[in-house]
Every structure is written in structure tokens, then in C-alpha cells.
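Let me begin by presenting the structure, written as C-alpha cells, before commenting on it.
The values are calculated or read from the model by the stated rules, or taken from the named source; none is laboratory data. Note that the coordinates shown come from a computational prediction; the quantities given were computed from them, not determined experimentally. Cβ placement follows ideal geometry from the backbone for every residue including glycine, while neighbour counts extend to all protein chains displayed. Just so you know, the surface numbers come from the protein's heavy atoms only, side chains and all, with ligands and any DNA or RNA stripped out. Shrake-Rupley method; radii C 1.70, N 1.55, O 1.52, S 1.80 Å.
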Amino acid sequence: MRDTTAVPTDRQLWPALRRGFSRKCPNCGSGPILKSYLKLRETCPVCREDLSHARADDGPAYLTILIVGHLMAPLLHIAFVQFRPEPLVLFTIFGIGTITLSLYLLPRLKGAIVAFQWARLMHGFSDSR
Ligand SMILES: [Zn+2]
């Protein structure tokens, strides 16, 4: 059966998502799409793909909280029930772990969201062809 929700495009979704997650251009896979921690470049420095149409907004932060929360909450429960560490030890380990994982995921999820919008021709990405 044919998938009627698919957008007719030559842009493959999963390779683009992998490139975006590694903070590379979804089109060529080699140009960095972020010029600082979270600032998106207007164009890819390698293939000149126009990236100015991306509208990531709060998506990366939402996904980061969703993933980190669903990982850390059960781990916190398991650590507390199984090991009963000192409260300050528990707070220190989970505080550092949560902040580190969030800072790791945030720019990568931003790249993945920009790549998703690029692959699905969302916003102005369909006009830039
Ligand atoms: Zn590129």
C-alpha cells in the first residue's frame, strides 16, 4: 500500500536526521550547520544549501527535556531504592549527569529538527530548490 502522507521528495529522512544529529548539513553531510553552540548558519559553508528557512523554535529544548526526563527519573528511582546513597551524593551525581546530558543533546536535537524540516520541505525549504 502506498503511503499517502509521504511528501514527494528526493530528500531521504533518516540520512538527513543522522547528519543533523551530528550537527552537519542535511544536504551534504560535511558542512557544520551551527556557528556557535546553538546559533544556526544561514547557509552551509560547503554546499551553500540555504538553511535560513529552519524554524526549530522550542523543539530542541522540548525533546531534550522529554528524553533526559524519561531517562533520569527512572534512574533516580532505581538508584534511590537499590543503593540509598547520601542525599548530597545522589544530588551531585544526578545534577551533573542531567546537566551534561542536556548540554550534549540540545545542539544535536536542534540539528536533527532542522534536518527533519529540510527533508520534509517544511517552511521555506520547498522554495529554495
Ligand atoms: Zn552542505
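Values as computed for the structure displayed
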item	result
Qualifying residues in the stretch 3-14 (those that are within 16 Å of the ligand (Cβ to nearest atom) and open to solvent by 60 Å² or more (accessible area, probe 1.4 Å)) - the one modelled with the lowest pLDDT	10
Failed criterion for residue 17 (all others in (1) under 21 Å from the mean Cα position of the chain (by Cα); (2) within 16 Å of the ligand (Cβ to nearest atom); (3) open to solvent by 100 Å² or more (accessible area, probe 1.4 Å) hold)	(3)
Residues of the stretch 24-40 that turn out to be within 12 Å of the ligand (Cβ to nearest atom) and touching a strand residue (DSSP E or B) at 6+ places or on another chain (Cβ under 7 Å), as a count	5
Restricting the stretch 59-84 to residues that are in contact (Cβ under 8 Å) with a residue 40 or more places away in the chain and small (Gly, Ala, Ser), the residue that is most open to solvent (accessible area, probe 1.4 Å)	61
Selection from the stretch 85-127 of residues that are touching a His at 6+ places or on another chain (Cβ under 8 Å), assigned to a helix (DSSP H, G or I) and exposed (fewer than 14 other Cβ atoms within 10 Å of the Cβ)	124
Residue 63 being closer than 26 Å to residue 122 by Cβ, aliphatic (A, V, I, L, M) and away from the ligand (no atom under 16 Å from the Cβ)	yes
Number of the exception - residue 36 against (1) open to solvent by less than 50 Å² (accessible area, probe 1.4 Å); (2) in a loop (DSSP other than H, G, I, E, B); (3) at pLDDT 95 or above	(1)
Selection status of residue 54, modelled with pLDDT under 95, out of contact with any Ser or Thr (no Cβ under 7 Å at 6 or more places or on another chain), small (Gly, Ala, Ser) and surrounded by 14 or more Cβ atoms within 10 Å (Cβ to Cβ)	yes
